[in-house]
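Worksheet for the structure shown next.
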Amino acid sequence: MPPLRTALLQSSGTLGSVEANLAELDAAAARAAAAGARLLVTSELFLTGYAIGDRVPRLAETADGPSAAAVAATAARHGLAVAYGYPERAGDLVHNSVQLIGPDGTRLANYRKTHLFGCFEREWFTPGDRPVVQAELDGLRIGMLICYDVEFPENVRAHALAGTDLLLVPTAQMHPFQFVAESLVPVRAFESQLYIAYVNRTGPEAEFEFVGLSTLAGPDGVARVRAGRGEELLFAEADPDFLAASRAGNPYLADRRPALYGAAG
């Protein structure tokens, strides 16, 4: 299988304007497709902005709502898959979610953040309860987490054991926690032998200061690409042949002894 060329859209978009963010997504998809990408990944809550406060209920949409239809049209028009962060309406509940749309416009997978961070998220969102959500794209198994989720090694290891090859992590990583992007994410990729696309917001937004530093890290613990602090569209490849060779040479998963890892009695 050829490598999966992946575009990382490091942007905070326009706070509170779904219409403007859909337009930015479409423009980024056009640029990504022209550069040969088959997958475009956005930041956490890209559709609405992160610091939307009490506008969360009003801006939330169902997974098959009008914005999902607009993203599907973008994906199909440009012939690439799109993973985008958004607030998901599910009955009376709202989840912090990411949805993956296929290159033909088909909805492939939807993941709800399981580990909420800080007072803002806990006030407005309900955590999801499915730790592993996956889809197939161009022969690779794609998994999804959101921001704080990746900081729990159990989450990433669960994906590794379920066969995830490329883990998409839209994020809203803020100052002073930039070490997560710089150090923790490449370690997670190495210890669980998969690729991680970690795509951040950037700049000030209400009381938050997002640090950028988006990356695609490989199973060797090396960042294939690394953003700065401003808005960027980055490209890197998830290579299935390199992944297979890395897994064959690294015995972490095979050498695990799960019986030893339970809580002490």
Q.
Here's a check for you: in segment 37-61, which residue that is free of Cβ contacts under 8 Å to residues at least 60 places away in the same chain, among the hydrophobic types (A, V, I, L, M, F, W, C) and touching a Pro at 6+ places or on another chain (Cβ under 9 Å) is surrounded by the most Cβ atoms within 10 Å (Cβ to Cβ)?
A. LEU47
Q. For SER246, are the conditions met, namely being buried (at least 19 other Cβ atoms within 10 Å of the Cβ) and over 22 Å from the mean Cα position of the chain (by Cα)?
A. yes
Q) Any residue at all in segment 32-54 that is under 25 Å from LEU216 (Cβ atoms), part of a helix (DSSP H, G or I) and within 20 Å of the chain's Cα centre (by Cα)? A) yes
Q.
Can you say whether ALA238 is open to solvent by less than 20 Å² (accessible area, probe 1.4 Å), within 17 Å of the chain's Cα centre (by Cα) and at pLDDT 95 or above, as far as the supplied structure shows?
A. yes
Q | The lone exception for ASP64 - which of (1) open to solvent by 20 Å² or more (accessible area, probe 1.4 Å); (2) touching a residue at least 12 places away in the same chain (Cβ under 8 Å); (3) not in a loop (DSSP other than H, G, I, E, B) it fails | A | (3)
Q. Of all the residues that make up segment 1-31, how many are outside any helix (DSSP H, G or I), out of contact with any strand residue (DSSP E or B) (no Cβ under 7 Å at 6 or more places or on another chain), more than 14 Å from GLU232 (Cα to Cα) and not polar (S, T, N, Q)?
A. 3
Q. Is there any pair with a first residue in segment 184-209 that is farther than 19 Å from GLU237 by Cα and a second that is basic (Lys, Arg) and surrounded by fewer than 24 Cβ atoms within 10 Å (Cβ to Cβ) whose Cβ atoms are under 8 Å apart and which are 6 or more apart or on different chains, and what are they?
A. GLU191/ARG157; THR202/ARG229; GLY203/ARG229
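The values are calculated or read from the model by the stated rules, or taken from the named source; none is laboratory data. Keep in mind that this is a model prediction, so the values were computed, not measured. With ideal geometry, Cβ positions are generated from the backbone for all residues, glycine too; neighbour counts draw on all protein chains shown. These accessible areas exclude ligands, DNA and RNA; they are computed on the full protein's heavy atoms, side chains included. Shrake-Rupley method; radii C 1.70, N 1.55, O 1.52, S 1.80 Å.
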